[in-house]
Amino acid sequence: MNAALLARFAEVLRASLRHHFFDEPRWFTPVLSLPFDRGRSHLVIVLENPGPFAFLRSQSPFAGADAPARFTVLNGAQVEDISVDGRTLHLDVVTRRDREALRLRVALYGANGHAVLVRGASVL
């Protein structure tokens, strides 16, 4: 996904998902699915060839897949902001239980992208 396209996509995401709530993330290598609002919408991120790329859809591409344990902290988190730095998508969230500020950074470049969950300067 090129930087210009990602910047336009971030605008759509910000309008669609800001102040909405995550459901439990799903992971099915190499795809990360981030459901929102009790499964009404899904941010789907493909991190390997033919990607990396991301898109929104109304249904999960794979219900029942597991999430890495570190991503379960996103369950119920509220999206505060969505931004882009080059070809990296940033989702700033606040967790439901601890009201902790986290950032999900999704790099959408190279042959393989990656997703990283960050608390302050620490990678979770």
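What pairs come out if I take residues in segment 25-39 that are under 12 Å from Pro68 (Cα atoms) and pair them with residues that are open to solvent by 70 Å² or more (accessible area, probe 1.4 Å) and aromatic (Phe, Trp, Tyr) whose C-beta lies under 8 Å away, six or more apart or interchain?
Ser33/Trp27
Name the residue, out of Arg8, Arg70, that is at pLDDT 85 or above and either among the polar types (S, T, N, Q) or surrounded by fewer than 16 Cβ atoms within 10 Å (Cβ to Cβ) (or both).
Just a single option satisfies the conditions, and that option is Arg8.
Can you pull out every residue in segment 16-51 that is farther than 17 Å from Val79 by Cβ, over 13 Å from the mean Cα position of the chain (by Cα) and part of a loop (DSSP other than H, G, I, E, B)?
Result: Thr29, Pro30, Glu48, Asn49, Pro50, Gly51.
How about segment 76-101: which of its residues are outside any loop (DSSP other than H, G, I, E, B) and either under 14 Å from Leu117 (Cβ atoms) or open to solvent by less than 10 Å² (accessible area, probe 1.4 Å) (or both)?
Within segment 76-101, Val79, Ile82, Thr88, Leu89, His90, Leu91, Asp92, Val93, Val94, Ala101 meet the criteria.
Does Val46 count as open to solvent by 30 Å² or more (accessible area, probe 1.4 Å) and among the β-branched types (Val, Ile, Thr)?
No, not satisfied.
How many residues, within segment 78-116, are within 16 Å of Phe36 (Cβ to Cβ), without any contact (Cβ under 8 Å) to a residue 24 or more places away in the chain and more than 10 Å from the chain's Cα centre (by Cα)?
Qualifying residue count for the region: 2.
Pick from segment 102-113 the residues that are outside any strand (DSSP E or B) and under 16 Å from Leu5 (Cβ atoms): which of them is most open to solvent (accessible area, probe 1.4 Å)?
So the residue we want is Tyr109.
The values are calculated or read from the model by the stated rules, or taken from the named source; none is laboratory data. Just so it is clear, the model here is predicted, and its values are computed rather than measured. With ideal geometry, Cβ positions are generated from the backbone for all residues, glycine too; neighbour counts draw on all protein chains shown. We work out accessible area using only protein heavy atoms, side chains counted, and drop any ligands, DNA or RNA first. Shrake-Rupley method; radii C 1.70, N 1.55, O 1.52, S 1.80 Å.
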